[in-house]
Amino acid sequence: MAPHLRKTLVVVGHGMVGHRFVQAAIERGLTETHDVVVVGEEVRPAYDRVALTSFFEVGAEALSLLPEGEYDDPRVRLLLGTAVTGFDPETRTLLLGDGEVLDYDELVLATGAAPFVPPVTGHDLTGSFVYRTIEDLEAIREAAATARVGAVVGGGLLGLEAAKALADLGLETHVVEMAPRLMAVQVDDAGGACLRRHVEGLGLTIHTGAMTTEVLGDSHVTGLDMRLSGLETGASAPSSTTVDCDLVVFSAGIRPRDALARTAGLTVAERGGVLVDEQCRTSDPHVWAIGECAAPDGRMYGLVAPGYAMAEVAVDALLGGDGAFTGADMSTKLKLMGVDVASFGDAFATTDGALELVYSDAVAGIYKKLVVSEDGTRLLGGILVGDASAYGVLRPMVASGLPLPANPEELILPVTSGVSTSSTTGFPDEAQVCSCNDVTKADIVAAAADGGTTRAGTTCGSCKTLTKKIIEDYYEAQGKVVDRSLCEHFALTRQELFEVVAIHEHTSYDAVLTAHGRGGRGCDICKPAVASILASQLNHHVLDGANQTVQDTNDAYLANIQRNGTYSVVPRIPGGEVTPEGLIVIGEVARDFGLYTKITGGQRIDLFGARMEELPAIWRRLVDAGFESGHAYGKSLRTVKSCVGSTWCRYGVQDSVQLAIDLELRYRGLRSPHKLKGGVSGCARECAEARSKDFGVIATEKGWNLYVGGNGGATPVHARLLAGDLDTETLVRYLDRYLMYYVRTADRLQRTAPWVDSLDGGLDRVRAVVVDDVLGLGTELEAAMSRHVDGYFDEWKATLDDPDKLRRFVSFVNAPDVPDPHITFREERGQSVPGDATGPVSLGSTIPVGAP
Amino acid sequence: MTTDQTTDQTTDQQATTDVTVCRLDDITPESAVLALVGGDAVAVFRTHDDGVYALSGYDPVGGACVLARGIVGTRGGVPYVASPLHKQGYDLRTGRCLDDPEVSVATYDVSVRDGVVLVAPGARSS
């Protein structure tokens, strides 16, 4: 193609939709014929505005959709921080804020929408904000640092997001909503009431049926006047009231940014937005509009998914395709302040003859509504508040018109009635399971059959449950059973065993085996698993009575077995803090017993090469010097690593050493499904690498951020934020709950990262249980941890005090003074390391043998 | 000589040179002790039904003398010990490795007389 035939395509707006358009243009080859110029008003490239609130946690970089700052296609030019002041469809020219004039062949408007600020008096005072860009959030954060009370005008989806952000920033927070309920667009009155209870439970004050009449203040916001409709107070007439506040965030809806199109004389829709046809073409054939600034068929869509669909359609049209945008699925599922909210299909039962099925549990804070067709055969829509786990099954039923089961109420009844797991075998193959990536049931089954994968569940994740169920049902239909029993001796999972032991108050492995086993005497799988469960619940000495024979060798000898049959010894050094005297004792013990010495990854000192019979003598010295067992041998808490924190560090904002010591001492000895590690960093520099731990704490200016589920073992995983800016008491409470929840429900040898993933809802589920206490288990989990803390004693000290337990620490039962000849050492870098093993060794018959 | 209990394999001839290991009560059921028998390190096991078995204490896979420290139970009805190093199971009756047919450990004749555990020096097989 001759060079002069290349055309210029200008995209105005680099938000999520503008970015998606450019991506699609590159992927589908539009840049083969077009040079693309993207003009963005904001200084940063497109970022994930849907996840805007997480900016405070993860920072701007993590939200960026174009972290490199440019496209890797040289035919795309990105102009940021550049305003467009107008364009002329006659001359096909575009005027930039800096005076530059761009010629275009095709123009795509992706200018998005702007927050609507009601024109009340005082709306422009210092201290009033909107909630739309990263800059808005930065300004809000700065203002919040000196503010005490904040008010959000608007109780919709974004308003509640903003309110959460204010609350997280430490402000007393009010929400002022004109409608009689929260999230009026998505949920009905009963759902709104349920949602309101959740939000109020977080300490926010909600005013519904309240219209903001004035923002008070001279130069700076000091309060907010509102008029109450009276519905809420029960008053017969409207009344007025004032909230004293230092800042106001307006989140009362959005308006399409269609000014450029209006000025250029293009047709706009009655209620705003550039009117476009099904291919997203405006009234000018060379101008296109996509996303929130566009109004296909006169309707504006305030969600990103329809915007993405429009971007794809516009690229297709520019390539000569005939794709069309004919409306969008407005279903939404979100996690708002830890509360599941989902709304899909005909949520308000507007279809003729539609019937509603409602399940409501005010105590648990759950509201579910299904809208079904008059004849009860099809699902039309629904609302879920408090528990949206069924969304993944229900939304595709609406989209694909699947027939409802005979008892549709079972779809929303609590899971104990057996339901949300109804079989998927009746689903037609063409049922679309993942709408984000257009994956059908047939695709998933095909992938399951040949061991492949699909992209189902990889975008919004709402179809994960259904995808998993389809795969399970597939295997079941093949006659394959996913066996989750612990081993040949128990048909139960570890979690079930944990519950069985708790309910029946078993205190020994034998009792568990007798009552719940299925024959045989146990093995190296079930014995340590039950030993761990008993230890978690009983706080007894692991070597007490018959339970000593069910311990793995590490627990059985309270030390870590090493490759040549010797053991390593690790005294506890809480938080890594140790006195010079302590160091000297450890050094002397290591020297006197000829032990190899190494600093561990967990800020402790490991003494290697101890013969089993030497362990009591070594520990005698350590215990006398004030050391206690570090539980380096147990599936239990190992260490809580720390940096030096505010005591010594120039940057530290909190005392990480003290917290690490406190946490390590609190959870020491806690037997768990796998070993546990923690970390505490005194500032965001993260020198303790807390986010690579099962639980990690990072100091902020205002408290502690708690991360969980790091450390995936062979598959490294970073911990993710569970809750932010906590005071120490709340932090410990959440940690108590998190660890106990893990101890109770994880599989045998399952680390925290895969455990979190294995829960239905993943991290959200952990947050629901730990932070929001949706199961009402919080108090019980804390009490269980409290019993553990109160019952703690040093295992090695107790062992040294008990001749019966010491009896086994001998080389040969009939020759306790003869060392095991299989253990040999050689020297490496000045220390002892295991010698090579060469098979069974005979000491010969001349060695004297003692009598029993 | 009275016999409280003997394993099938014990013969009178061997008994005359048997090495005293310990009292049966010194071995907790479903565990083992390591004994020095004619210069060999021998793991002596007691099962839940007071069956007594003796194997070489050396784990040929892990290369260390640790079998007496393994967990004792049953696998598919077979009384076995799991090596504490890498969990290979060994049939207490035959010394056969349950996870690898190429591997086995030596067995020893063992008997219990007057509550005392005796092991005959010299492996029966290897």
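The values are calculated or read from the model by the stated rules, or taken from the named source; none is laboratory data. All of these numbers come straight from a predicted model, not from anything done at the bench. Heads up, the Cβs are rebuilt from the backbone with ideal geometry, glycines too, and the neighbour counts pull from every protein chain shown. Heads up: the accessible areas ignore ligands, DNA and RNA and are worked out on the full protein's heavy atoms, side chains in. Shrake-Rupley method; radii C 1.70, N 1.55, O 1.52, S 1.80 Å.
Contact order normalised by length for segment A:640-793, with contacts defined as Cα pairs under 8 Å and 6 or more residues apart; what percent is it?
Details: 303 pairs, mean separation 27.7, N = 154.
Relative contact order here is 18 percent.
Per-residue accessible area for residue A:454 at 1.4 Å probe radius, Å² rounded to 10?
Approximately 50 Å² for this residue.
Let's see if you can work this out: charge +1 on each Lys and Arg Cβ, -1 on each Asp and Glu Cβ, no other charges. What is the dipole magnitude of the protein assembly as shown about its Cα centre, in debye to the nearest 20?
Details: 85 positive and 132 negative charges, 328 e Å.
Here the protein assembly as shown has a charge dipole of around 1580 debye.
Pick out, in residue order, every one of the trypsin sites (Lys or Arg not before Pro) in segment A:600-691 that is DSSP loop and has at most 10 other C-beta atoms within 10 Å; say none if there are none.
On the way: sites: A:604, A:611, A:620, A:621, A:635, A:638, A:641, A:650, A:666, A:668, A:671, A:675, A:677, A:685, A:691; in loops: A:604, A:611, A:635, A:650, A:668, A:675, A:685.
For trypsin sites (Lys or Arg not before Pro) across segment A:600-691 that sit outside H, G, I, E and B with at most 10 neighbouring Cβ atoms in 10 Å, the list reads A:650.
Normalised by the residues of chain A, what does the relative contact order come to in percent, with Cα pairs under 8 Å and at least six apart? Provide the component values of the computation, followed by the final result.
Details: 1730 pairs, mean separation 55.7, N = 852.
Once normalised by length, the contact order is 7 percent.
Quantify how strongly other chains surround peptide B:58-67 by giving the mean number of their Cβ atoms within 10 Å of each of its Cβ atoms. Write down the numbers at each step before the final one.
Numbers: counts 7, 4, 3, 0, 5, 9, 11, 10, 8, 1.
Rounded to a whole number, the mean comes out at 6.
Ignore the peptide's own chain and count Cβ atoms of other chains within 10 Å of each Cβ in A:781-791; give me the average, rounded. Before the final figure, lay out the partial values.
Numbers: counts 0, 0, 0, 0, 0, 0, 0, 0, 0, 0, 0.
Shielding by partners across A:781-791 averages 0.
Using alpha-carbon pairs under 8 Å, 6+ residues apart, how would you state the relative contact order of chain B in percent? Write out the running numbers ahead of the final one.
Details: 293 pairs, mean separation 36.9, N = 126.
29 percent.
Scan segment A:187-271 for trypsin sites (Lys or Arg not before Pro) in coil per DSSP, keeping those whose Cβ has at most 14 other Cβ atoms within 10 Å, and list them by number. Don't jump to the answer; show the numbers that get you there.
On the way: sites: A:196, A:197, A:227, A:257, A:262, A:271; in loops: A:257, A:271.
The qualifying sites are A:271.
Give me, ordered by chain and number, the residues 5 or more places off residue B:116 or on other chains with an amide H under 5 Å from its own placed amide H.
Sorted by chain and number, the residues that satisfy this are B:24.
Would you calculate the volume per residue, in Å³, of the smallest convex hull containing every Cα atom of chain A?
Details: hull volume 198.1 nm³, N = 852.
Convex hull volume per residue, Cα atoms: 233 Å³.
Once amide H atoms are built 1.01 Å from N in the peptide plane, which residues 5 or more positions from residue A:522, or in another chain, come under 5 Å H to H?
For residue A:522, the qualifying residues are B:74.
Whole angstrom only: what separates the Cα centroid of segment A:28-103 from the Cα centroid of segment A:697-730?
So the separation of the two Cα centres works out to 35 Å.
How big is the dipole moment of segment A:128-252 about its Cα centre under a simple scheme where the beta carbon of each Lys and Arg is +1, that of each Asp and Glu is -1, and everything else is neutral? Debye, nearest 20, please. Intermediate results must be reported in sequence, preceding the final value.
Working: 8 positive and 17 negative charges, 64 e Å.
I would put it at about 300 debye.
With the crude spin-label approximation of a point 7 Å out along Cα→Cβ, what separation in nm comes out for residue A:6 versus residue A:407?
Going from the residue A:6 label point to the residue A:407 one covers 6.7 nm.
Enter the angle in degrees (range 0 to 90, nearest 10) between the Cα long axis of helix A:656-667 and the first principal axis of the Cα atoms of chain A, meaning the one along which they spread out most.
The helix A:656-667 is inclined about 60 degrees to chain A.
Quote the FRET efficiency, to the nearest 0.05, computed for residue A:267 versus residue A:60 with a Förster distance R0 of 41 Å and r equal to the Cβ-Cβ distance.
0.65
Would you pull out the residues with amide H under 5 Å of residue A:209's amide H, same chain only if 5 or more places away, H placed 1.01 Å from N?
A:177, A:179, A:181
Which of the GluC sites (Glu not before Pro) found in segment A:523-604 are in a DSSP loop and have at most 16 neighbouring Cβ atoms, other than their own, within 10 Å?
Working: sites: A:577, A:581, A:588; in loops: A:577.
Counting only loop positions with at most 16 other Cβ atoms within 10 Å, the GluC sites (Glu not before Pro) in segment A:523-604 are A:577.
Based on DSSP, what percent of beta bridges with both residues in the protein assembly as shown are antiparallel, to the nearest 5?
Working: 113 of 158 bridges.
Bridges in the protein assembly as shown are about 70 percent antiparallel.
When every alpha-carbon pair in segment A:128-252 is counted, what percent end up more than 24 Å apart?
On the way: 1738 of 7750 pairs.
Roughly 22 percent, once rounded to a whole number.
Using 1/(1 + (r/R0)^6) with R0 = 25 angstrom and r between the beta carbons of residue A:546 and residue A:491, what's the FRET efficiency to the nearest 0.05?
Values: r = 23 Å, r/R0 = 0.92.
After rounding, the FRET efficiency stands at 0.65.
What is the gain in length, in nm to one decimal, between residue A:777 and residue A:33 on full extension, counting 0.36 nm per residue of separation less the C-alpha to C-alpha distance? List each step's numbers first, then the result.
Values: separation 744, 0.36 × 744 = 267.84 nm, distance 6.15 nm.
The span from residue A:777 to residue A:33 would gain 261.7 nm if fully extended.
How big is D, in µm² s⁻¹, for chain B by Stokes-Einstein at 37 °C and 0.692 mPa s if Rh is the Kirkwood radius over C-alpha pairs? Numbers along the way, then the final one.
Working: Rh = 14.2 Å.
Value of D from the Cα-based Kirkwood radius: 232 µm²/s.
Which angle between 0 and 90 degrees, to the nearest 10, do you get for helix A:494-504 versus the longest principal axis of chain A when only C-alpha atoms count?
70 degrees
Over all residues in A:810-819, what is the mean tally of Cβ atoms on other chains that come within 10 Å of each residue's Cβ? Numbers along the way, then the final one.
Values: counts 2, 4, 11, 13, 14, 5, 1, 0, 2, 0.
Per residue, the average neighbour count from other chains is 5.
How large is the translational diffusion coefficient of segment A:13-120 in µm² per second when you combine the Kirkwood radius over alpha carbon pairs with Stokes-Einstein at 25 °C and 0.890 mPa s?
Values: Rh = 15.2 Å.
Diffusion coefficient, whole number: 161 µm²/s.
Through the Karplus equation 6.51 cos²θ - 1.76 cosθ + 1.60, θ set to phi - 60°, convert the phi angles of segment A:199-207 into ³J(HN,Hα) values in whole Hz; use x for Gly and Pro.
Values, residue by residue: 5, 5, x, 8, x, 8, 9, 10, 10 Hz.
So what's the gap between the Cα centers of segment A:794-810 and segment A:674-688, to the nearest angstrom?
33 Å
Divide by every residue of chain A the summed helix terms, -39500 (n - 2.57) for each DSSP H run of at least 4, and state the resulting mean residue ellipticity at 222 nm, rounded to the nearest 500 deg cm²/dmol. Numbers along the way, then the final one.
Values: 24 runs with 243 residues, N = 852.
Helices in chain A give a 222 nm mean residue ellipticity of -8500 deg cm²/dmol.
In debye to the nearest 20, how big a dipole does segment A:494-551 give about its Cα centre with +1 on each Lys and Arg Cβ and -1 on each Asp and Glu Cβ?
On the way: 4 positive and 6 negative charges, 37 e Å.
The calculated dipole for segment A:494-551 is roughly 180 debye.
How many Å² of accessible surface get buried when A and B come together, counting both sides, probe radius 1.4 Å, rounded to the nearest 100?
Working: alone 38410 and 6390 Å², together 41720 Å².
Summed over both sides, the interface buries about 3100 Å².
Given the options A:55, A:34, A:126, identify the residue whose Cα lies farthest towards the positive end of the charge dipole of segment A:1-146 (+1 on Cβ of Lys, Arg; -1 on Cβ of Asp, Glu).
My answer, from the dipole projection, is A:34.
With a point put 7 Å past each Cα toward its Cβ, work out how far residue A:714 is from residue A:277 in nm, to one decimal.
5.9 nm
Which entries in A:164/A:693; A:164/A:441; A:333/A:675; A:368/A:677 show an alpha-carbon gap greater than 29 Å?
On the way: A:164/A:693 27 Å; A:164/A:441 37 Å; A:333/A:675 36 Å; A:368/A:677 39 Å.
Over 29 Å Cα-Cα: A:164/A:441; A:333/A:675; A:368/A:677.
Tell me, what does the Kirkwood hydrodynamic radius of segment A:494-551 come to in angstroms if you use every pair of distinct C-alpha atoms? Let's see the in-between values first.
Details: mean 1/r = 0.0895 Å⁻¹.
Final number for the Kirkwood radius of segment A:494-551 is 11.2 Å.
On a 0 to 90 degree scale, rounded to 10, what angle separates helix A:464-477 from the longest Cα axis of chain A?
60 degrees
Positive end of the dipole of segment A:640-793, charges at C-beta (+1 Lys, Arg; -1 Asp, Glu), about the Cα centre: which of A:663, A:674, A:730 has its Cα farthest in that direction?
Value computed over the given set: A:674.
Given a 1.4 Å probe and every protein chain left where it sits, what share in percent of the accessible area of segment A:254-399 is carbon and sulfur? Don't skip to the answer; put the middle values down first.
On the way: 2810 of 5850 Å².
In segment A:254-399, the share of accessible area belonging to carbon and sulfur is 48 percent.
Leaving ligands and nucleic acids out of the surface, order A:389, A:636 by accessible area at 1.4 Å, largest first.
Values: A:389 50, A:636 0 Å².
Descending accessible area places them as A:389, A:636.
Can you tell me the Rg and Dmax of segment A:132-191, counting just the alpha carbons, in angstroms?
12.5, 37
Show A:300, A:740 ordered by accessible area, largest first, where the area counts protein heavy atoms only and the probe is 1.4 Å.
Working: A:300 50, A:740 5 Å².
Order by accessible area, largest first: A:300, A:740.
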